[in-house]
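Only one structure is covered here, and it is reproduced in the block below.
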Amino acid sequence: MPDANPFLDPLRFGRRVSPCSLVIFGANGDLAKRKLLPALYRIHYEGRLPPSFAVIGNSRTEMTDAQFREKMRESVSRFLEDSPFEAGVWDSFAQNLFYVAGDLADPGFYARLAAKLEAVEVSHRTAGNVLFYLSTQPSYYAVAVHGLGVAGLHRGDGWRRLVVEKPFGHDLGSARELDRKIHDVFPEPEIYRIDHYLGKETVQNILAFRFGNGIFEPLWNRRYITYVQITAAESIGVEGRGAYYQEAGTLRDMIQNHLLQVMATVGMEPSNVFQADAVRDERAKFLRSIRALKPGEVDRYAVAGQYGPSRAGGAETPGFRQETGVDPEAQTDTFAAVTFFVDNWRWAGVPFYVRSGKRMPKRVTDVAIQFNSAPHSLFAGNGEDERLSARPNLLIMRIQPEEGISLRFMSKYPGSGMRLRPVSMDFSYGSSFGTRTPTAYETLLVDALSGDATLYTRQDMVEASWRAVQPILEVWENRRFDFPNYTAGTWGPKEADDMLARQGHFWRVP
Ligand code: BG6
């Protein structure tokens, strides 16, 4: 169902995009089909795209504008997550879609792109503003930026911006190298490094929760918090991305970027204003405070896993090494768990346990804040089971699905005597706001098109995140793991449980 009348809600829909063109490199790829085009369609549906707007798709495949439109129509109607596909709305949107085939290494391609940009500037009055979106294989990022620079497309009558998809580099060295090449062409204020987790409503809401309320922040530190747990579990495997995933692994694919950004959102200091650089300065400061492990500490504080086949419930699930495009000896981590420490006054000594994996029992991402237990248990000693009657307070921020927040606290069980049981206070997005939540890509595309970089990462943040995982990558690179070490459909290898048990803690089952 469409929302009642989204245009009446100036808070959610106040931001509108100025006239411009959006060039998508890799427009025939998975990300464009599953995320970017559905997001653009939805923004158009909400009336937030101006009539003076054009999308120019590129990939190597030869296609006419009409064929490109048809292909995108199929993708959008298939991948639109939680809103209706309306043929009339699509038709008006599709008028703005164009296509230029070409190899990014071929200088002739940029001349054709320039001609198309000029044509839409006249036909669609895009005012010479252009956002370039790198959604190709990462090995083409530097090639495309160089090509744009040589052709002079990085400058023009209006503004020019560049969105760079993750992964930004393969390690610290290659991230710096890529950054240098991009800076040869685009200045920092024009570079938008995307981490779509920062665009999720529930991740943004961590800031609202912490800094829009008076009662939580005083408790948000080492004096009251025992540990923080961040879990991003996926039930799917590598879904046809075996070749990419085999080179990446979970530590690079999820932790270095998405989960460290979530962790920074949980742990950063408040900025004095909510503006791009003020917020990003605080995030960067936090990321720089994450302690880099010494090589000798890696085995104690980091665990790699890889799923093996499962036959649970009669259904055969292949192991990672049996997936298409994957080396049968692959040493890739499809699960990673790390204990991070943050060396600053707020967090000294508080472990941040972060884990992510493919083929876990369910899809769930959440942040759990475990508070210290009551200092003295008044109600103990009446024969009660301690595990039920003396549980520490736990705050759970559910990033997805079932978006919301809950706080566990102890309450008196009805009846005579003083028996305590944990109960919880719950906030759920669905029932509190009763409105559709925009996808991360909708939010981030509108932001980049409007020139707001608050939810985009900066080079110093990217480098600090690589620095935090680099020692682990290096130790794992030279290791032969005894993989597989967990069965598809389970919560990961036993070593991940052992890592917490050594601190007297355990992973929650989300
Ligand atoms: C991507 C990773 O960045 O994030 C994928 O490359 C992963 O492997 C995805 O599945 C998860 O995103 P979300 O929004 O579905 O949690």
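The values are calculated or read from the model by the stated rules, or taken from the named source; none is laboratory data. Given the structure is predicted, the values throughout are model-derived calculations rather than measurements. Cβ atoms come from the backbone with ideal geometry, glycine included; neighbour counts cover every protein chain shown. What goes into the accessible areas is simple: the full protein's heavy atoms, side chains included, and nothing from ligands, DNA or RNA. Shrake-Rupley method; radii C 1.70, N 1.55, O 1.52, S 1.80 Å.
Suppose the filter is in contact with a strand residue (DSSP E or B) (Cβ under 7 Å, 6 or more places away or on another chain) and touching a residue at least 40 places away in the same chain (Cβ under 8 Å); does Phe352 pass it?
On the way: in contact with a strand residue (DSSP E or B) (Cβ under 7 Å, 6 or more places away or on another chain): yes; touching a residue at least 40 places away in the same chain (Cβ under 8 Å): yes.
When the stated conditions are applied, Phe352 passes them.
Would you check if Ala276 is among the small types (Gly, Ala, Ser), in contact with a helix residue (DSSP H, G or I) (Cβ under 7 Å, 6 or more places away or on another chain) and open to solvent by less than 60 Å² (accessible area, probe 1.4 Å)?
So Ala276 fails the test.
Show the residue pairs that are 6+ apart or on different chains and have beta-carbon atoms under 8 Å apart, the first residue being within the range 160-183 and more than 16 Å from the ligand (Cβ to nearest atom) and open to solvent by 50 Å² or more (accessible area, probe 1.4 Å), the second being acidic (Asp, Glu) and in a helix (DSSP H, G or I).
Arg176/Glu463
Out of all the residues in the range 207-214, is one or more more than 30 Å from Ser373 (Cβ to Cβ), modelled with pLDDT of 95 or more and not hydroxyl-bearing (Ser, Thr, Tyr)?
No.
So which residues in the range 226-244 are open to solvent by less than 10 Å² (accessible area, probe 1.4 Å) and within 16 Å of the chain's Cα centre (by Cα)?
Ile230, Thr231, Ala232, Ala233
Could you look through the range 140-159, keep only residues that are open to solvent by 40 Å² or more (accessible area, probe 1.4 Å) and in a helix (DSSP H, G or I), and pick out the one that is nearest to the ligand (Cβ to nearest atom)?
Tyr140
In the range 492-510, which residues are open to solvent by less than 60 Å² (accessible area, probe 1.4 Å) and closer than 20 Å to Lys358 by Cβ?
Gly492, Pro493, Ala496, Met499, Trp507, Arg508, Pro510
Inspect all residues belonging to the range 24-44 and state whether any of them is over 20 Å from Gly102 (Cα atoms), open to solvent by 10 Å² or more (accessible area, probe 1.4 Å) and not in a helix (DSSP H, G or I).
No.
Test Ser428 against the stated conditions and say whether it is of a type in the set (Ser, Thr, Tyr), loosely packed, with under 15 Cβ neighbours inside 10 Å and closer than 30 Å to Gly47 by Cα.
yes
Where the second residue is of a type outside the set (A, V, I, L, M) and assigned to a loop (DSSP other than H, G, I, E, B) and the first is farther than 19 Å from Asp65 by Cα and modelled with pLDDT of 90 or more and lies in the range 9-34, which pairs have Cβ atoms under 7 Å and are six or more apart or on separate chains?
Pro19/Pro50; Pro19/Ser52; Pro19/Arg125; Pro19/Thr126; Pro19/Asn129; Leu31/Ser135; Leu31/Glu165
For the range 465-475, check the following and say yes or no: at least one residue is open to solvent by 20 Å² or more (accessible area, probe 1.4 Å) and either touching a Phe, Trp or Tyr at 6+ places or on another chain (Cβ under 9 Å) or without any contact (Cβ under 8 Å) to a residue 12 or more places away in the chain (or both).
no
So if I check each of Val509, Val475, which one is closer than 20 Å to Gly169 by Cβ and either polar (S, T, N, Q) or under 26 Å from the mean Cα position of the chain (by Cα) (or both)? Write out each step before concluding.
Values: Val509 fails: closer than 20 Å to Gly169 by Cβ.
On inspection, the qualifying residue turns out to be Val475.
So how many residues does the range 438-472 have that are of a type in the set (Val, Ile, Thr) and over 14 Å from the mean Cα position of the chain (by Cα)?
Result for the range 438-472: 4.
For the range 479-492, which positions are in a loop (DSSP other than H, G, I, E, B) and under 25 Å from the mean Cα position of the chain (by Cα)?
If the condition is that a residue be in a loop (DSSP other than H, G, I, E, B) and under 25 Å from the mean Cα position of the chain (by Cα), then Ala488, Gly489, Thr490, Trp491, Gly492 are the ones that fit.
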